[in-house]
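The values are calculated or read from the model by the stated rules, or taken from the named source; none is laboratory data. Here the structure is a predicted model, which means the values were calculated and not measured. Cβ placement follows ideal geometry from the backbone for every residue including glycine, while neighbour counts extend to all protein chains displayed. These area figures cover heavy atoms from the full protein model, side chains too; ligands, DNA and RNA do not enter into them. Shrake-Rupley method; radii C 1.70, N 1.55, O 1.52, S 1.80 Å.
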Amino acid sequence: MLEKQYYIPEPEEFMAETPLPAELREVKKRRDEEVRAVISGRSDKMLMIVGPCSAHESAPVLEYISRLGKLNERVKEKLVIVPRIYTNKPRTKGVGYKGMFIQPDPDGEADIVRGIRSIRALHIAAMRESGLPGADEMLYPENTAYVEDLLSYHAVGARSVENQLHRLVASGIDTPVGMKNPMSGNLPAMINSIFAAQSPQVFKYRNYQVRSGGNVYAHAVLRGGVDGAGADVPNFHYETVMRVAELYAGAKLKNPAIVIDCNHSNSGKQCRQQIRIAKEVMENRNYDSAFKKIVKGFMIESFLVEGSDPSGAVFGKSITDPCLGWEDTERLILDIADMV
């Protein structure tokens, strides 16, 4: 039996309380179109979803994104950078820190109302600081309404991508949504998710029956899989990417696109391996025009300080999965830009 703790106001109330300023709405509108242009192939730039595994504290995230904004000015002719500001954290066993949305203080109690206020303030401050609207994970589909006016990119994670409601909500989002392959690594399941997200749908969302037009910018994210024995199985290699291209063609999906998640099961959560993975993908891009045409960008987990520390004692160090440090991140982004 569920125990009701307190009422959470409707998304419109939070938006009225902390609206996105008009000048930032224009910034977001321009950036949304840049991201769409990459996914659709109208732009030859590459998409970079870059940032910490989880945005657990505002101050280091804003410091990180300030640096990212400056770096963006150096690579904007080649790359479209979207800060990873993930405020929902999936947990394999269902317990532990679940992100700022639910737990605004990692050492405190769950407080969703305060969490929503915190993440809206963080996304707006980050956009004002850097000129870069962010990306977040659609962990809980009904929570999307609280932040969809702030994001240029949504991600549906490996544990969620086969869930019906995640697919349906993705079909009603105006900006690109990355659909990760499931934990099993099953590629047809990922393609089915993209098909559902690209299709018009009718479904229940919050207290309404709603209709969506389909999201033609829903696309594949390869993050590696886990086999039956629990071992990581990478899937960023040439052969897998070309197999996904075949599945795209067979399903007759719009805007075939793949983003490579360089961490998670592709790296075995060895954060420095992201450098090698990204560079191998770039070499394959330059080797084969078909590979280049479908691989549109990367997800990279990175923060101010390399590694992770669950205690949160180090400013700018991940409290969840290990992240690449800033110096290596900057060098990698510049190298990728040179290889585009």
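Quick look at the values:
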{"item": "Under the Debye formula (equal points on every Cα, no solvent term), log10 I(q)/I(0) of the stretch 1-117 at q = 0.10, 0.15, 0.22, 0.24 Å⁻¹", "result": "-0.43, -0.89, -1.31, -1.36"}
{"item": "Cα gyration tensor shape of the stretch 48-191, rounded if a/c is under 1.5, else prolate or oblate by comparing a/b with b/c", "result": "oblate"}
{"item": "Fraction of the pair-distance distribution of the stretch 247-295 above 13 Å, Cα-Cα pairs, percent", "result": "62 percent"}
{"item": "Dmax and Rg, reported as Rg then Dmax, of the stretch 138-197 (C-alpha, Å)", "result": "10.8, 32"}
{"item": "Relative contact order computed over the chain (Cα-Cα under 8 Å; 6+ residues apart), in percent", "result": "16 percent"}
{"item": "Of all accessible heavy-atom area on the stretch 120-216, the percent that carbon and sulfur account for (1.4 Å)", "result": "48 percent"}
{"item": "Assigned charges on the beta-carbon of Lys, Arg, Asp, Glu; the chain dipole about Cα centre (debye)", "result": "860 debye"}
{"item": "Stretch gain in nm, segment R67-N286, where the contour uses 0.36 nm per residue and the Cα spacing is subtracted", "result": "76.0 nm"}
{"item": "Relative contact order computed over the stretch 143-207 (Cα-Cα under 8 Å; 6+ residues apart), in percent", "result": "34 percent"}
{"item": "Cross-link pairs beyond the 30 Å C-alpha cut-off, checked among K76/K293; K29/K293; K78/K180; K70/K254", "result": "K70/K254"}
{"item": "Share of carbon and sulfur in the accessible heavy-atom surface of the stretch 234-303 [1.4 Å probe, %]", "result": "50 percent"}
{"item": "Equivalent-ellipsoid semi-axes of the stretch 260-340, from the Cα gyration tensor, Å, largest first", "result": "27, 13, 8"}
{"item": "Per residue value of the accessible surface for the chain (all protein chains in place, 1.4 Å probe), Å²", "result": "43 Å²"}
{"item": "Angstrom value of the Kirkwood radius, inverse mean 1/r, which spans all Cα pairs in the stretch 206-285", "result": "14.4 Å"}
{"item": "Cα-projected label distance for E23 with Q209, points at 7 Å along beta-carbon direction, nm", "result": "4.5 nm"}
{"item": "The chain: DSSP helices with Cα axial extent of at least 24 Å and average Kyte-Doolittle hydropathy no lower than -1.0", "result": "58-75, 112-130"}
{"item": "The chain: most fluctuating residue of E17, E148, E301 per GNM, C-alpha cutoff 10 Å", "result": "E17"}
{"item": "Lys/Arg +1, Asp/Glu -1 at C-beta; the chain dipole; positive extreme among L165, V216, L122", "result": "V216"}
{"item": "Förster radius 25 Å - calculated FRET efficiency between R42 and V340 (Cβ-Cβ, nearest 0.05)", "result": "0.95"}
{"item": "Highest-MSF residue in the chain out of E109, E57, E283 [GNM, Cα springs under 10 Å]", "result": "E109"}
{"item": "Normalised contact order of the stretch 1-116, rounded percent, pairs of Cα under 8 Å and 6 or more residues apart", "result": "22 percent"}
{"item": "Charge dipole magnitude, Cβ of K and R +1, D and E -1 - the stretch 1-62, Cα centre, debye nearest 20", "result": "400 debye"}
